[in-house]
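The values are calculated or read from the model by the stated rules, or taken from the named source; none is laboratory data. Given the structure is predicted, the values throughout are model-derived calculations rather than measurements. Cβ: placed from backbone, ideal geometry, glycine included. Neighbour counts: every protein chain shown. Side chains are part of the model used for accessible areas, which takes the heavy atoms of the whole protein and leaves out ligands, DNA and RNA. Shrake-Rupley method; radii C 1.70, N 1.55, O 1.52, S 1.80 Å.
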Amino acid sequence: AFARGVDTIVDPAVLARCSVRDRRHVELCMVYEATKRARCAMAQRLEPLGIEVRGDARWREVVERCGGEVGYFDDLAGFYRTTAVNLNTTSLQMHSAVNQRVFDCPAAGGFLITDAQGDLAELFEPDTEAVSYASLDELEDKVRHYLAHPSERTEIVRRAQRRIGAHHTHQHRLKALEAFLKQRYAG
């Protein structure tokens, strides 16, 4: 019902009393809640495989295997690199796009399994440079497989790093943005 709008979930009379800003907050909260539920389901499903969630203390209400937060600037690259299998579930607000983790994790030397976002195949060669899943069953199978095959993980990470270095650096993005702006606003 999401395509029909928030009115199918929240009483329209309640929404009518909301300012535009408050209505936007209601909509964002629903997206965040849906994303949280998907991530919780993944963590609970994979906990028996030894998967550990990293994040705030509230994760302990979801799974027992929960470490603390990982500092983005100081600790994240090392964490990615020393974790056998890193997992990613993109926020539901990103219908087909990938998030930054898809680049950061392999760039730091970490192996990642991410959800099957539509744009992923435009950025990486599927299953050789990036591994994705379309369901929790598939994810569980892939986690089991890659935990048992470290050399395959290493090769995928190496290929992803080559792709990132050749096509997905900030320099690449800035050049593409510059070309777009020149084309759009030239003359």
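Listing for the model above:
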{"quantity": "Region 47-109: translational diffusion in µm²/s, Stokes-Einstein, Kirkwood Rh over Cα pairs, 4 °C, 1.567 mPa s", "calculated": "100"}
{"quantity": "Sum of side-chain charges, TYR72 neighbourhood, beta-carbon under 12 Å (Lys, Arg +1; Asp, Glu -1)", "calculated": "-2"}
{"quantity": "Neighbourhood net charge (14 Å Cβ-Cβ; Lys/Arg +1, Asp/Glu -1) for GLU61", "calculated": "+3"}
{"quantity": "Coordinate range along principal axes, alpha carbons of region 88-187, Å, largest first", "calculated": "57, 28, 17"}
{"quantity": "Ranking by accessible area, most exposed first, for ASP74, ASP141, ASP22 with a 1.4 Å probe", "calculated": "ASP74, ASP141, ASP22"}
{"quantity": "Fully extended contour minus Cα-Cα distance, from TYR32 to ASP11, at 0.36 nm per residue", "calculated": "5.7 nm"}
{"quantity": "ARG21-PHE180 pseudo-label distance in nm [points 7 Å out on the Cα-to-Cβ vector]", "calculated": "2.9"}
{"quantity": "Solvent accessible area, Å² - PHE103, 1.4 Å probe, full protein context", "calculated": "30"}
{"quantity": "Computed label-point distance, nm, for sites ASP137 and ARG173 using a 7 Å Cα→Cβ extension", "calculated": "3.6"}
{"quantity": "Reduced Cα scattering model of the chain, Debye log10 I(q)/I(0), q = 0.08, 0.12, 0.17 Å⁻¹", "calculated": "-0.34, -0.72, -1.17"}
{"quantity": "Potential extension, VAL62-ALA166 segment - 0.36 nm per residue separation minus Cα distance", "calculated": "33.5 nm"}
{"quantity": "Contour minus Cα-Cα distance for GLU69 and ALA84 (0.36 nm per residue)", "calculated": "3.6 nm"}
{"quantity": "Relative contact order %, region 7-150, counting alpha carbon pairs below 8 Å whose residues are six or more apart", "calculated": "18"}
{"quantity": "Accessible area in the full protein assembly, largest first, 1.4 Å probe, for CYS29, CYS18", "calculated": "CYS29, CYS18"}
{"quantity": "GLU52-SER91 FRET efficiency (beta carbon distance; Förster radius 30 Å; 0.05 resolution)", "calculated": "0.90"}
